[in-house]
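Heads up: the structure comes next, in structure tokens.
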Amino acid sequence: MQRVAALAGRPLRIALLTSSRFWRGSSSVFAALARGLADRGHTTTALAAYEPVATGFATQGVSVQTLPVAHTSLTAARALRRTLGELCADIILVDMARDIRHAAAASLGRSLAVVYCISTREPPRDLSTRIAFGRVRVTVFLTEEHARSTLAAAPFLRRAQHRVIHNGVDCRLFHPDEAAGRAFRERYDLPIGPLLVGVGALAPEKRWDLLLAAVALVAPPAPPLVLCGSGALEGALREQARRLGVNATFLGQVEAPTLVGAYNAATCVVDTCPDETFGLALAEAMACGRPVLAPASGGPVEVVGDAGVLAAPEDPRGFAAQLERLLADPGRRAGLGAAARRRAVERYSVGRMVRDYAELLESLG
């Protein structure tokens, strides 16, 4: 893509820091943001604590460095400060609480704007992070509900400016594609018929245990389930699926083209996380024109709107009942899929996200 001149009058040097151990939705957002900002003429570099996450950035065409910032320490702060100096960074976007602490230490005595992109439901409350937060210029929330609930729970966050910027997905990449769906089924030897797909880190906060419990309650024959994502709970979830008799396939972390195929192969894309701050996988599935079923809590209420089905949170039996009704009604699924695609294109394009971030960052630079 042809680069354009930065709107601020000069190109900015922007670092994006994440100490996440696994590739998460926020990592995908940082990658898309890094590419989009680079296309506007800015220099962007991802900084990662773990090699698998660094590899994810590199695979998506983002310049990346691996730093020893997995834990809060003086060594980590020094390494980050040295790297930011070498990059001549103007702005650093941070992902997790420890990233705030590291960036705060690295910003002392220099002109460096710290932007906290909060992607968790629970805000940080520990004293060291609250002190470090004094160095944050802006906090970016993912939904209006996310901003309201988080600022109420952690009033100290009001010390910084805040903005609401929805996550964005590449609606040209994530689009309805029947051929990709068929190829995905063939590649993984999945049967013809109903298929459920879930996408996200296999981490405690995602509550995939609730999904497995719900699928186990679906009237037989329950459709097979494919989970795309990696994380520490894979072994426990595999054991739970075996114990409940759920036909679950665990694919691990997959690249974007495979993910497009997974969404398009799905009869329904499912998410049972009761505390989802946004639901990037839901937005990607919607862009692919797929019906989605998610909890009626947190970000999905705002993201999905009336273009999907919402179920009572943390209620596997109610989730199973909603799923059964959706699987039994192809006309409803088709209508929801079309509405989902329209909503994703109108509200959640990556171009809109990059533009909103660029306007914010260029005002700081």
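Could you list, in sequence order, all residues of the stretch 1-31 that are under 18 Å from the mean Cα position of the chain (by Cα) and modelled with pLDDT under 95?
Ser20, Arg21, Phe22, Trp23, Arg24, Gly25, Ser26, Ser27, Ser28, Val29, listed by residue number.
Quick one: how many residues across the stretch 124-139 are open to solvent by 10 Å² or more (accessible area, probe 1.4 Å) and either of a type in the set (Ser, Thr, Tyr) or more than 14 Å from Ala97 (Cα to Cα) (or both)?
2
Those residues that are without any contact (Cβ under 8 Å) to a residue 12 or more places away in the chain and basic (Lys, Arg), I need them from the stretch 129-177; list them, please.
Once the filter is applied, which keeps residues that are without any contact (Cβ under 8 Å) to a residue 12 or more places away in the chain and basic (Lys, Arg), the stretch 129-177 yields Arg148, Arg158, Arg172.
Which residues, counting only those in the stretch 106-130, are of a type in the set (S, T, N, Q) and either at pLDDT 95 or above or not in a loop (DSSP other than H, G, I, E, B) (or both)?
Ser107, Ser128, Thr129
Looking at Ser27, is it closer than 16 Å to Met353 by Cα, open to solvent by less than 10 Å² (accessible area, probe 1.4 Å) and of a type in the set (S, T, N, Q)?
Judged against the criteria, Ser27 is a match.
I'm checking my understanding of the structure. Among residues of the stretch 63-117 that are within 13 Å of Leu17 (Cβ to Cβ) and of a type in the set (Lys, Arg), which one is most open to solvent (accessible area, probe 1.4 Å)?
Ranking the qualifying residues of the stretch 63-117, first place goes to Arg81.
Is one or more of the residues making up the stretch 140-147 out of contact with any helix residue (DSSP H, G or I) (no Cβ under 8 Å at 6 or more places or on another chain) and open to solvent by less than 60 Å² (accessible area, probe 1.4 Å)?
Yes - at least one qualifying residue is present in the stretch 140-147.
Go through the residues of the stretch 296-309 one by one and say whether even a single one is touching a His at 6+ places or on another chain (Cβ under 8 Å), crowded, with 24+ Cβ neighbours inside 10 Å and within 20 Å of Ala338 (Cα to Cα).
Yes, some residue in the stretch 296-309 is touching a His at 6+ places or on another chain (Cβ under 8 Å), crowded, with 24+ Cβ neighbours inside 10 Å and within 20 Å of Ala338 (Cα to Cα).
Gly318 versus (1) crowded, with 20+ Cβ neighbours inside 10 Å; (2) within 19 Å of Leu225 (Cα to Cα); (3) not acidic (Asp, Glu): which is the lone unmet condition?
All conditions pass for Gly318, except number (1).
Scan (1) farther than 22 Å from Gly25 by Cα; (2) open to solvent by 20 Å² or more (accessible area, probe 1.4 Å) for the single condition Pro313 breaks and write down its number.
(1)
Tell me, which residue of the stretch 266-292 that is small (Gly, Ala, Ser) and open to solvent by 10 Å² or more (accessible area, probe 1.4 Å) is farthest from Asn167 (Cα to Cα)?
Looking at residues that are small (Gly, Ala, Ser) and open to solvent by 10 Å² or more (accessible area, probe 1.4 Å), I get Gly289.
Is it true that Arg242 is basic (Lys, Arg), closer than 30 Å to Glu145 by Cα and open to solvent by 20 Å² or more (accessible area, probe 1.4 Å)?
Judged against the criteria, Arg242 is not a match.
The values are calculated or read from the model by the stated rules, or taken from the named source; none is laboratory data. Bear in mind that the values here come from a model prediction, so they are computed numbers and not experimental data. We place every Cβ from the backbone using ideal geometry, glycine too, and count neighbours over all the protein chains shown. To get the accessible areas, we keep the full protein, side chains included, count just its heavy atoms, and leave off ligands, DNA and RNA. Shrake-Rupley method; radii C 1.70, N 1.55, O 1.52, S 1.80 Å.
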